[in-house]
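Structure, as structure tokens:
The values are calculated or read from the model by the stated rules, or taken from the named source; none is laboratory data. Owing to the predicted nature of the structure, the values given are computational and were not obtained by experimental measurement. Counting neighbours? That spans all protein chains shown, and the Cβs are built from the backbone with ideal geometry, glycine included. Ligands, DNA and RNA are excluded from the accessible area calculation, which covers all protein heavy atoms including side chains. Shrake-Rupley method; radii C 1.70, N 1.55, O 1.52, S 1.80 Å.
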Amino acid sequence: MSQLEIKDLHVSIEDKEILKGLSLTVKQGEIHAIMGPNGTGKSTLAYTLMGHPNYTVTSGEVLLDGENVLEMEPDERSRHGLFLAFQYPVAIPGVTVANFLRSAINARRRAENPEDKGMPIPEFRKMLKEKMDMLRMDHNFAGRYLNDGFSGGEKKRAEILQMATLKPRFAILDETDSGLDIDALRVVSEGVNALAGTELGVLVITHYQRLLNYIKPQFVHVMMDGRIVESGGPDLALHLEEHGYDWLREKTAEEAA
Ligand code: ADP
Ligand code: MG
């Protein structure tokens, strides 16, 4: 069983400590959600996992099946099976979704075996169709230019399709709900749920409880001031929706006192 382990992670931006000892383990097939008020470091966690240069890890570890993720370049992280929904190009005019996905798959295959000739086109087409059917996407989507004039929802669909074809072991999705209408939200969530049911571990980072009406996490964590202050099951998200974060602020203040 594959696992992504974050151990006592401390991260600074421009000498300001943002993550202050965050620990979390996600196993393949599990969906975890991190919730929390704005400014608590949720995106900092996502950027750190993707290897963004502005985020300095001052201590702690991130291990993927025991291998040190923090020493890997961003493309190596991806080859090792980490998928970060927002690390991909914004718009590539002239490159279709299908071309882009095929290049990505072939680049990965060549990284593993320099002799690799790439996935044969019929095999690729068949695989792409299967994935689009699973995600209930119109096949025409594959022929469109990547992100060129895509709505927010279509960009997310393209990302989810990319996730389905690259088959990462772990996906980190940050605030995937922003800018999505309810239909797109449903499609994206169904995609995540379908993929998670197989071999994917998912870490959904969100400010909005609304997303969790669609993506069904088994584990919910609350992050405040750079740490996870509470973990529970899906009922924790419902409790937060009803009661907000104040009770946790009080609780953590009492614990600190
Ligand atoms: P969240 O995603 O939970 O809203 P962020 O990780 O985006 O939180 O931000 C955490 C903290 O880091 C905030 O206090 C924010 O002001 C600060 N921060 C984020 N980006 C930068 C930056 N580039 N330079 C300095 N401070 C930053
Ligand atoms: Mg954020």
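Observations on the model:
- Exclusive hit being touching a residue at least 40 places away in the same chain (Cβ under 8 Å) and under 22 Å from M1 (Cα atoms), set T165, T206: T165
- From the options L82, L49, residue that is within 15 Å of ligand 1 (Cβ to nearest atom) and not acidic (D, E): L49
- Some residue of the range 142-161 being under 14 Å from E190 (Cβ atoms) and among the aliphatic types (A, V, I, L, M): yes
- Residue in the range 171-206 that is modelled with the highest pLDDT, counting only those that are within 16 Å of ligand 1 (Cβ to nearest atom), buried (at least 20 other Cβ atoms within 10 Å of the Cβ) and among the hydroxyl-bearing types (S, T, Y): T206
- For the range 232-252, a tally of residues being in a helix (DSSP H, G or I) and either touching a helix residue (DSSP H, G or I) at 6+ places or on another chain (Cβ under 9 Å) or of a type in the set (A, V, I, L, M) (or both) returns 9.
- The number of residues in the range 217-252 being open to solvent by 20 Å² or more (accessible area, probe 1.4 Å), closer than 15 Å to V26 by Cβ and touching a residue at least 24 places away in the same chain (Cβ under 8 Å) comes to 3.
- Taking the criterion of being open to solvent by 70 Å² or more (accessible area, probe 1.4 Å) and within 16 Å of ligand 2 (Cβ to nearest atom), the only residue of the range 51-63 that qualifies is N54.
- Some residue of the range 110-132 being in contact (Cβ under 8 Å) with a residue 40 or more places away in the chain and closer than 27 Å to H80 by Cβ: no
- For the range 178-191, the condition holds for at least one residue, the condition being that it is of a type in the set (K, R) and within 17 Å of the chain's Cα centre (by Cα).
- Selected residue [without any contact (Cβ under 8 Å) to a residue 12 or more places away in the chain and within 16 Å of ligand 1 (Cβ to nearest atom)] from K16, K42: K16
- Qualifying residues in the range 1-50 (those that are surrounded by fewer than 22 Cβ atoms within 10 Å (Cβ to Cβ) and small (G, A, S)) - the one nearest to ligand 2 (Cβ to nearest atom): S43
- Qualifying residue in the range 20-37 (condition: without any contact (Cβ under 8 Å) to a residue 40 or more places away in the chain and farther than 21 Å from R157 by Cα): yes
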